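Notes to accompany the following structure.
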There are 2 protein chains.
Amino acid sequence: MGPGPSNVSPSVLEAMSRPLVGHLDPVFVKMMEEIKGMLRAVFLTKNEMTFPVSGTGSAGMEFCCVNLIEPGDDVVIGVNGVFGTRMVDVAERCGARVIKVEAPWGRIIEPAQIAAALATCKPKFVAVVHAETSTGALTPVEEISRLAHDAGALMVLDTVTSLAGCPVRLDEWGIDAVYSGTQKCLSCPPGLSPVSLSPRALQVATSRKKKVQSWYLDVNLLASYWGQDRVYHHTAPITMNYALHEALRLVLVEGLENRWARHQRNHKALKAGLAAMGLEIASQEGHQLWQLNAVRVPEGVDEMATRKRLLTDFNIEVGAGLGPLKGKIWRIGLMGETSNLANVCACLTAFGQILNDAGRRTDTEAALAAMGQSN
Amino acid sequence: MGPGPSNVSPSVLEAMSRPLVGHLDPVFVKMMEEIKGMLRAVFLTKNEMTFPVSGTGSAGMEFCCVNLIEPGDDVVIGVNGVFGTRMVDVAERCGARVIKVEAPWGRIIEPAQIAAALATCKPKFVAVVHAETSTGALTPVEEISRLAHDAGALMVLDTVTSLAGCPVRLDEWGIDAVYSGTQKCLSCPPGLSPVSLSPRALQVATSRKKKVQSWYLDVNLLASYWGQDRVYHHTAPITMNYALHEALRLVLVEGLENRWARHQRNHKALKAGLAAMGLEIASQEGHQLWQLNAVRVPEGVDEMATRKRLLTDFNIEVGAGLGPLKGKIWRIGLMGETSNLANVCACLTAFGQILNDAGRRTDTEAALAAMGQSN
């Protein structure tokens, strides 16, 4: 129940124990096509250029930056947590001049802030982190995307934690470049980063003046392997693709809308239970993530000792706060397979026990009752 | 029996089906330390900075280049196949001026060629591909490494296909930066690239004037996660590390020298059998890889049809030739788990059958007898 990796279905684990085939084997090539098709279904896009990059989510972030940015380009990046901060660093290493649009950690990036930034520059792209895993805030992106396009910029979106846990609609929202991770709401082990480029973004990447600075992440080369030519580029992580194939199949069997609703339901149950214990969600009201709950550490409670005891006595992992939120929040993940009522119940019970042992009168029964009545 | 991924031991497959833990979980942190220790044992090095990069072998190549090269640096790269060619491209994308030292595909890079190049420049590093997977040639590196050091340069080595299949002795040979792959003689699925930096190479990477152009591959950041600080960088591919841990354990249980000897033995068996059929190894005599056998396609035999029939009728994958060797060789891998006499026997039998069906009188029994007498 940390910020990822989430738990993985037994059938995904089983898929990884299948014998290896080659990266150009007809069986694997067929699987690549199915993965691309299922990723399009999960991203809600028709983008041809939709496939998994052979690295974790941060490699997907770098994929978007190295392919779209040329030295000297302006880019606008929303910074309201670890991952926006990281993207600034990645973009600057690509030679971009970054115009930062900042919000306090835990709050969203407002469209008006983006509009103000766009009045000062002519950026190659506007980027925001949809679901900030470090803070638990979900930034709405439709209006920001409209503003970006009106300014002639591409719209880039980090969906590492949002994809398959809450609505992500690439084509409807006009997203041009997106990356995600496998180890959050897709419930697949970490190791791949699903990405998608709109025809407009692909056009930018294929008509660059300067070569992409990363050979490993150059979409001009990757397109020949993941496209119809099947030209060898690098040896794809076969086993990770077996896992992603099965994880995507499970997402589509459940149905995207059902999956989103499940994440919402279990978030509400956890939130109601925590509230009955006097614990509250720290991120901005109205924009709290369903899949990652940032819980404020109450005055006088030892943040780290609580987290350690959850792990050792209750076998429950929760995440620590990062940066300015260090010591101030716990991050409780309800992602993919991990998002179920049994976990919510176990988590509330464990917190109740630990807080009671620390001398705080905590009514676990009331919390479980509130959890049950939340839906 | 292609050029990798090689077959994987059942216990490695089983390791990948274990439940996920977090990338900062104490259990995983302990495993990271064990992986680093076992990698040092396999690389025969004391280098502290020895760990797996979260990408395939080409990401390891890029790791070495982005961390060591600053724009404007000279580097000397041996080019005698696909992977030397690739390294030139990667290095140029880092802003290096590359001095190429070329040899025909299938032949080795000679120390005298490196010495001649070193007389013309003052490079940051000299790099060669130890085992060229695209051609089947093994370039000896001890003398080249001495020449590099005498010229004040670092020595960089690609050991993607050599590691654990034939002698690789980092410290004895004075290698400063090395990368490998998991899917060759380590017999672990593709997805990680073991790397190692000598203290001297690390010093170069940590005292750069300009930030490393890749955030994902920046050793200055990775060192904080793989070192003692355990600062979160990216979410490590947990499952792939489970697999590598088990694969390395199996290598050390067998013993490095035993494993090298097994690869040599099975190569000799295959070569003897092929010779009895009139088939020969195309790479330079005296420098032929044990783990990757480049077999010359005889006049009048259809290269691609043979390869397809091997796969469909005999369930044997072999690789095609690349670049100037396209259509001219088959590449038969005897790597890691795949290197055993049963596979050599099956391969010879299948080739015998196919060649006979194509109207060439091929004495399979003589080939199998030669195989048996080869040791």
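The values are calculated or read from the model by the stated rules, or taken from the named source; none is laboratory data. Keep in mind that this is a model prediction, so the values were computed, not measured. Quick reminder, even Gly has a Cβ in these numbers, built from the backbone with ideal geometry, and neighbours come from all protein chains shown.
Structural remarks
- Reported count of residues in the stretch A:224-253, each being aliphatic (A, V, I, L, M) and at pLDDT below 95, is 2.
- Applying the condition of being of a type outside the set (A, V, I, L, M) and touching a strand residue (DSSP E or B) at 6+ places or on another chain (Cβ under 9 Å) to the stretch B:295-305 and asking which residue is surrounded by the fewest Cβ atoms within 10 Å (Cβ to Cβ) yields B:E303.
- Among the residues of the stretch A:29-44, just one is of a type in the set (K, R) and touching a helix residue (DSSP H, G or I) at 6+ places or on another chain (Cβ under 8 Å), namely A:K36.
- Scanning the stretch A:155-165 for any residue that is farther than 27 Å from A:R296 by Cβ, in contact with a Gly (Cβ under 7 Å, 6 or more places away or on another chain), among the aliphatic types (A, V, I, L, M) and within 14 Å of chain B (Cβ to nearest Cβ) turns up nothing.
- Considered as a group, the residues in the stretch B:64-85 that are more than 21 Å from B:L147 (Cβ to Cβ) and out of contact with any Asp or Glu (no Cβ under 9 Å at 6 or more places or on another chain) include one that is surrounded by the fewest Cβ atoms within 10 Å (Cβ to Cβ), and that residue is B:G72.
- Screening A:T133 with (1) β-branched (V, I, T); (2) out of contact with any Cys (no Cβ under 8 Å at 6 or more places or on another chain); (3) over 14 Å from A:V79 (Cα atoms) gives one miss only, at (3).
- The residue that is surrounded by the most Cβ atoms within 10 Å (Cβ to Cβ), among those in the stretch B:125-144 that are within 10 Å of the chain's Cα centre (by Cα) and part of a loop (DSSP other than H, G, I, E, B), is B:T133.
- Options B:I281, B:I332, B:I316: the member that is under 17 Å from the mean Cα position of the chain (by Cα) and either surrounded by fewer than 16 Cβ atoms within 10 Å (Cβ to Cβ) or within 18 Å of B:A350 (Cα to Cα) (or both): B:I332
- Residue selection: A:S193 satisfies the criterion of being within 23 Å of A:A247 (Cβ to Cβ), of a type in the set (S, T, Y), crowded, with 19+ Cβ neighbours inside 10 Å and modelled with pLDDT of 95 or more.
- The listed residue being touching a residue at least 12 places away in the same chain (Cβ under 8 Å) and out of contact with any helix residue (DSSP H, G or I) (no Cβ under 6 Å at 6 or more places or on another chain), out of B:P3, B:P26: B:P3
- You will find that of B:M31, B:M38, the residue that is touching a residue at least 40 places away in the same chain (Cβ under 8 Å), touching a His at 6+ places or on another chain (Cβ under 6 Å) and in the same structural domain as B:H234 (by TED's automatic domain parsing) is B:M31 and no other.
- Cβ-Cβ under 8 Å pairs, at least 6 apart or on other chains, the stretch B:193-208 side not assigned by TED's automatic domain parsing to the domain that holds B:Y242, far side β-branched (V, I, T): none
- Matching option when the condition is crowded, with 24+ Cβ neighbours inside 10 Å and either in contact (Cβ under 8 Å) with a residue 24 or more places away in the chain or more than 29 Å from B:F51 (Cα to Cα) (or both), among B:L250, B:L292, B:L256: B:L292
- Residue match in the stretch A:305-319 (condition: of a type in the set (S, T, Y), touching a Leu at 6+ places or on another chain (Cβ under 9 Å) and closer than 29 Å to A:T85 by Cβ): yes
- Set B:L157, B:L217: member being more than 18 Å from B:I35 (Cα to Cα) and under 12 Å from the mean Cα position of the chain (by Cα): B:L157
- Which listed residue is of a type in the set (K, R), in a helix (DSSP H, G or I), surrounded by fewer than 24 Cβ atoms within 10 Å (Cβ to Cβ) and more than 14 Å from chain B (Cβ to nearest Cβ), from A:K268, A:K308: A:K268
- Among the conditions (1) surrounded by 21 or more Cβ atoms within 10 Å (Cβ to Cβ); (2) in contact with a strand residue (DSSP E or B) (Cβ under 9 Å, 6 or more places away or on another chain); (3) among the hydrophobic types (A, V, I, L, M, F, W, C), the only one that B:A164 does not satisfy is (2).
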